[in-house]
Amino acid sequence: MANYNRIILVGNLTRDPQLRYLPSQMAVVDFGLAVNHKYRTKTGEDREEVMFIDCSCFGKGGEIINQYCQKGRQLMVEGRLKFDTWEDKQGGGKRSKHTVVVENFQLLGGRDGGPGGGGGGGGGGGGGGGGGPSYEQGDDAPPRQAPRQAPNRGPAAPPAQPPFGEEQQFKDDDIPF
């Protein structure tokens, strides 16, 4: 039987990231993400539902999130769901929750978290590097990439021909809607 555990979310941080280090000196950052879902009911009423999701990112990616993100910043994360269970210390019995283990991410919005161009991003979980540009510990901002130019494809294509000849042109009365 095949299994697949992948999640992609875009939302805003609900709190500042909290950085800690494992005994192996690997960085771990924990943060919350608020994701909205807008929909219309059968009666035509607009509704909005908000989900609050706990996320964790390991290694260099976690350090980058801690350095460049704060409460309110928009972030796209990709990762896997992890189910945690524990005993409540106050005698409340077993507790559980789902967490997203972030494997890749993209910083969105401007530098202050507002709307704007796309940010840098890409981080890896478990010590592996992600697919985005890399950041050095002392950098103040993500590195900027030079704009990409379209390759020269030679002479331009001839102008497009109409799909129907003059004898097949449609009139307004021919269109059924």
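The numbers here are math on the coordinates, done by the rules we state, and not lab data. Note that the structure is predicted; figures quoted are calculated from it, not measured. No Cβ is skipped: glycine too gets one built from the backbone with ideal geometry, and neighbour counts run over all protein chains shown.
For the reader, a short list of remarks on this structure follows.
- Of the strands (runs of 3 or more DSSP E) lying entirely inside region 1-104, those carrying at least 1 residues that are among the hydroxyl-bearing types (Ser, Thr, Tyr) and surrounded by 14 or more Cβ atoms within 10 Å (Cβ to Cβ) are 46-58.
For (1) of a type in the set (Asp, Glu); (2) out of contact with any Gly (no Cβ under 7 Å at 6 or more places or on another chain); (3) within 20 Å of ASN104 (Cα to Cα), each residue gets a yes or a no:
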{"site": "PHE31", "(1), (2), (3)": "no, yes, yes"}
{"site": "LYS38", "(1), (2), (3)": "no, yes, no"}
{"site": "PHE58", "(1), (2), (3)": "no, no, yes"}
{"site": "ILE64", "(1), (2), (3)": "no, no, yes"}
